Amino acid sequence: MTQRALSTPPRSLRLSVEGNGGSADRTFGAIGAGAAGALGLVLIGVAASVARVAWPSIEATGLSFVTTSAWDPSRDVYGALAFAYGTLVTSFIALALAVPVALGVAVFLTDLGPRRFQRPVSSLVELLAAVPSVVYGLWAALVLAPLLRTTVQPALARVGGPLFRGPNVGFGVLCASLVLAIMLLPTIASVSRDVLRAVPAELREGALALGATPWDALRLVVFPHARRGVFGAVLLGFGRAVGETMAVAAVVGSRADISPSLFAPGYTMSSVIANEFPAASSELHVAALAEVGLLLFVVTVAFNVAARVLVARSREGAPRWREAAPRPGAGEAA
Amino acid sequence: MTPELESAYRGRKLAARVAPAASGAAVVLALLPLFAVFAYVASHGARALSLTFFTEPVGVRGAGMANAIFGTIELVVLASAMGIPLGIAAGLYLAEYASTPLARAVRFSADVLAGVPSILVGVVVYAVVVVRMKQFSALAGAAALAVVMLPLVTRTTDELARAVPDSLREAALALGAPRWRTALFVVLRTAAPGIRSGCLLAVARVSGETAPLLFTAYNNRFFNESLLDPTSTLQVQIFTYTMTPNDDWHAQAWAAALVLVTLVIVLNVLARRLVAEEESG
């Protein structure tokens, strides 16, 4: 009994503290809770108000909204399949391009790179993340797309196949995927770097002491330990890719088509909202765009929740003094 | 040594050489677009910059972007005034009441909110503010940016306030300070440098946000006369000009991009310097 009392002083501390402040403390707590509650309300509000705006379209189109791809606001025909397809294809291609490079950067920053380069490279990668997406859009539309049209895509067309076919205008799925890849890279690289850093130093040292090369240590010890977290980083990148709007809207070509060719113009969920919402004429058009937004919301929230759970769990694997340190109420036995 | 062992040994030796080189190559590949973007923005932007760019609004002949520059700053200041105090209050609450169910739920929703595409924030503010006020306005745009800032500021404050050692809290409480004074004058003050830099990063982030402004602040060819008028911003103006086929407008867009990127990078560097000073001091 005494033992227990000794190990949990903050409880009694807290009781005495309530006496210190009285009503001022209650006010303070209420203000904080109000601010925090507002944040929770914002999230619920986002979902609720998007759903409310989307309701006429949900009623009018039903399931055909997600199973058809015809999108013609002038005749009030709305099917969002082409947008979902475009979002998924651009995001997957972007991931396929970005993940190997991002992981390379991450291991450079934690294990393989010379120490004196690690800090400058780290800041440069963060700078890559700081450039506004509309600037990437400008660059992609005026520099990258012409480059694709004149050099890259003719070369790919010579390779042939269903992926590299059709009219070559520069703007299209390939261009959007490339610029997305550039934008995802810093996200995936920096989260993976944090996850790899959280692997306990003893494991690395143990492997190296047994005669492993740094690469062996990484491959056989560090990476397996951090696998889940790295997967979380990739999911986080996917969530960003799906939601990315401005750069994609500038170069994706803006046509609601499902075509296997990467040269073909496409459309994504976020970019159709950006392009059509400001000029949407009828109430049903606005509602249909909001329903696209609702789909987008569900997809990104699902991916973000999954990613955060994975990253958090993989961090728990490492002893972090900050986590281990007592919190108010957790007790700091003397 | 048996031949198998020797070949395994050679393989390991080769991998030990190739892997660092490959990771170095990945770094070069990753930074290539960064340099390409900077080079284009700097060269094309500098060529198109002129005095009128900073003094005349978009709508005047041979014009500049004075109204857009003003609009970006106006919206960011307004958004910070809404988002930062609310975010700090919420973050402090999360840190000081870390174990209550409300705190856990809010922390989770802040994380989720940070991952919601910003264009959806625009849709929401359109539905809640613009439709009700029956017009696009600077106020609506600022509200949208504030919502984007909120989870960033909240989580930074939360993380940093939780990193403040409990011994400081206990010392303050033992001296008879009530909890609110402990939170404001001990915890918040200890964590302040980091929180300041976190706020600067959040400001930098929303300075470049475009998607939530497309149908909240909308656009304007002249200075907005009040907070209730549609307002031009550098971001939206860059996007508008990107989507035109006009070379003069493209030049203007590059110049605007140069101004915007400079603004964002200055904010980022300031934020990092704050952190560095804290670490060295």
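None of the figures in this text is laboratory data; all of them are computed from the coordinates on show. Fair warning: this is a prediction, and the values are worked out from it, not measured in the lab. FYI the Cβ positions are ideal-geometry reconstructions off the backbone, even for glycines, and counts take in every protein chain you see.
Things worth noting here:
- Here A:TYR85, B:TYR218 are placed in order of increasing Cβ neighbour count within 10 Å, fewest first, which gives A:TYR85, B:TYR218.
- Label zone at A:ALA302 (point 7 Å along Cα-to-Cβ), backbone N below 19 Å, region A:273-290: A:290
- Look at the dipole of chain B built from charges on Cβ: of B:ALA95, B:PHE35, B:LEU49, the Cα furthest out on the positive end belongs to B:ALA95.
- In terms of its Cα atoms, the protein assembly as shown spans 80, 80, 55 Å along the principal axes, sorted from long to short.
- Structural descriptor for region B:73-199: relative contact order 37 percent, calculated from alpha carbon pairs under 8 angstrom and at least 6 residues apart.
- Computed over chain A, Cα set: Rg, Dmax in Å: 25.3, 82
- For chain A, size of Cβ-based charge dipole, Lys and Arg +1, Asp and Glu -1, in debye: 980
- To the nearest ten degrees, helix A:9-21 and the longest principal axis of the Cα atoms of chain A are 80 degrees apart.
- Of B:SER226, B:SER137, B:GLN252, farthest towards positive along the dipole that unit charges on Lys, Arg, Asp, Glu beta carbons give chain B: B:SER137
- A:TRP71 long-range amide H proximity, modeled H, under 5 Å: A:GLY79
- Put simply, when A:158-165, B:208-215, A:46-53, A:104-111 are sorted by average Cβ atoms within 10 angstrom per residue, most first, you get B:208-215, A:104-111, A:46-53, A:158-165.
- In plain terms, the residue of B:THR55, B:THR216 with the fewest other Cβ atoms within 10 Å comes first and the most crowded comes last, giving B:THR55, B:THR216.
- Under the span-like rule (Cα at least 24 Å along the axis, Kyte-Doolittle mean at least 1.0), DSSP H helices of chain B: B:66-96, B:138-162
- q = 0.15, 0.16 Å⁻¹: log10 I(q)/I(0) that the Debye formula gives for chain B, counting C-alpha atoms only: -1.13, -1.21
- A Förster radius of 41 Å combined with the Cβ-Cβ distance from B:THR244 to A:ALA38 puts the calculated FRET efficiency at roughly 0.55.
- Going from the fewest other Cβ atoms within 10 Å to the most, the residues B:TRP180, B:TRP254 appear in the order B:TRP180, B:TRP254.
- Selected from B:GLY83, B:THR216, B:GLY176, residue furthest toward positive end of dipole (region B:68-233; charges at beta carbon): B:GLY176
- Average beta carbon contacts from partner chains per residue of B:242-254, 10 Å cutoff: 3
- Taken about its Cα centre, the protein assembly as shown carries a charge dipole of roughly 1260 debye when the Cβ of each Lys and Arg holds +1 and the Cβ of each Asp and Glu holds -1.
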